[in-house]
Amino acid sequence: MSGTDKNVPAEQTPGTPGAPGNPGAPSIPGATGTPGATGAVGTPTAPSAPGNAGKPGKPEKESSASQVVREIMSGSAMISVLAVVVALVIGGILIAITDTRVTTAFGYFFGDPMATLKAIWASISEAYGALWRGATYDPGARTWQGRLGIFETLTFATPLILSGLSVTLAFRVGLFNIGAKGQIILGATFAGVVGFMIELPPGIHLLAVMVAGAIGGALWGGIAGFLKAKTGAHEVIVTIMLNYIAVSLVLYLLKNQLRDPSSSNPISPRMHETAMFPLLLGPNYRLHAGLIVAILAVIVVSWLLNRSTLGFEYRAIGANPRAARTAGMLVSRGYITVMLISGALAGLAGVTQLAGTEKILDADIAGSIGFDAITVALLGRSKPWGTFFAAILFGAFKAGGTSMAINANVSIDIVAVVQSLIVLFIAAPPLIRSIFRIKEARSEGVSA
């Protein structure tokens, strides 16, 4: 043993007798993680920055919306699947108790219980069977257009994919973008101005419509991002108010500057043919090339979040804004840019509605897409591809709901109830865990 070693005071704990450099010896506070003799001089680390694990700091107060988003995102994919299953089960119960056949059979339940059970099974199976056939394939339909409901499902899903991505991207930064509806409306309005007021060559015209729609949505979303970054204004309140402003603004324009002179209703002129998305399967189906745009958007957003530096910053800000700021990230810039991109995606959803499905701008161009997008993003666990498949599921609900109402004599409102129940269970992961006795899994804050 060298003279240096003899001068080192023995501070080993029981069970770590030791030779110098024994990895089991306790390390010195403030030293690096390199193994060395207990008490030896280590390389001191810099003092822990506020918010780092090395030094207890005052936690930054987090908004309630961010806490809700993080809690929802902490669930697994299995939670989403089980939420849909539970919602369908409860929806089936509602279908059964509102069916006159079931209520009639229940009147003599104790005399013939099997008749009641058969009536319940017939009611639920007919309703969900009609929903499935209407959303996928109905061999009993008279025309091929009626048989291939899957294409109508994809048509409904197209704007949901883009608007769902808009909400998903904001979620990853810890922002609750409730303003997809207003961004869709502004995107459709900008796209409509280019689509029916300007004449351009084919191809270029459609591209100009898409760019205009993205700009319109980005501007509307950027307002919320700017106010959040510069003044701390809560994005939920701001985006909700912007939704109302967008509806009133487009209605005013449709009654004045954008009104179709040949119509007494507040609608715009029809889009030029060169400004419309081409139909993918001919005139018998509504499925258009906007679906391709939506799929490309999923790929781009997935790359942005998982492969790019900007995406890492977004995820870091969403996991812990204070730690991200300490690490040198510009949190305010992240809020602004993410809302610009989110707004652009919602604006493209408005473009697909106008240039792909409706062809005419009216005040109800967004419909329920803006709020359905929130459900789609929650069901997809704020992951791009999860959002994609959740949008297809909700597209199936919309396409199959009509078939269920017509063929099974079930109110289409049941579909809305099922969708609402999905939101309820998705927003309360502990409830699903308690029902199915699932243990909570820990997740990484900045994981993709």
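Side notes on the structure shown:
- Selection count, the stretch 332-352, where residues are more than 18 Å from the chain's Cα centre (by Cα) and buried (at least 24 other Cβ atoms within 10 Å of the Cβ): 2
- Residue check, T158 crowded, with 19+ Cβ neighbours inside 10 Å and in contact with a strand residue (DSSP E or B) (Cβ under 8 Å, 6 or more places away or on another chain): yes
- For the stretch 108-120, a residue qualifies if it is in a loop (DSSP other than H, G, I, E, B) and open to solvent by 70 Å² or more (accessible area, probe 1.4 Å), and the qualifying residues are Y108, F110, G111.
- The stretch 257-272: number of residues that are without any contact (Cβ under 8 Å) to a residue 40 or more places away in the chain and either farther than 18 Å from D364 by Cβ or among the β-branched types (V, I, T) (or both): 3
- Qualifying residue in the stretch 360-376 (condition: part of a loop (DSSP other than H, G, I, E, B), closer than 20 Å to V84 by Cα and either open to solvent by 30 Å² or more (accessible area, probe 1.4 Å) or not aromatic (F, W, Y) (or both)): yes
- Answer residue from the stretch 277-318, given it is open to solvent by less than 30 Å² (accessible area, probe 1.4 Å) and aromatic (F, W, Y) and is nearest to F196 (Cα to Cα) among those: F277
- Number of positions in the stretch 402-443 that are hydroxyl-bearing (S, T, Y), in contact with a Gly (Cβ under 8 Å, 6 or more places away or on another chain) and either open to solvent by less than 50 Å² (accessible area, probe 1.4 Å) or within 15 Å of V85 (Cα to Cα) (or both): 1
- Summed over the stretch 338-354, residues that are out of contact with any strand residue (DSSP E or B) (no Cβ under 8 Å at 6 or more places or on another chain) and more than 17 Å from F176 (Cβ to Cβ) total 8.
- Which numbered condition M329 fails, given (1) more than 24 Å from the chain's Cα centre (by Cα); (2) closer than 19 Å to F196 by Cα; (3) open to solvent by less than 60 Å² (accessible area, probe 1.4 Å): (2)
- E199 fulfils the conditions (1) open to solvent by less than 50 Å² (accessible area, probe 1.4 Å); (2) farther than 26 Å from A396 by Cβ except for a single criterion, (1).
- The stretch 143-179, residues that are part of a loop (DSSP other than H, G, I, E, B) and under 28 Å from N243 (Cα atoms): V173, G174, L175, F176, N177, I178, G179
The values are calculated or read from the model by the stated rules, or taken from the named source; none is laboratory data. Model, not experiment: these values are computed from the prediction. Virtual Cβ from ideal backbone geometry, glycine too; neighbours counted across all protein chains shown. With ligands, DNA and RNA removed, areas are computed over all heavy atoms of the protein, side chains included. Shrake-Rupley method; radii C 1.70, N 1.55, O 1.52, S 1.80 Å.
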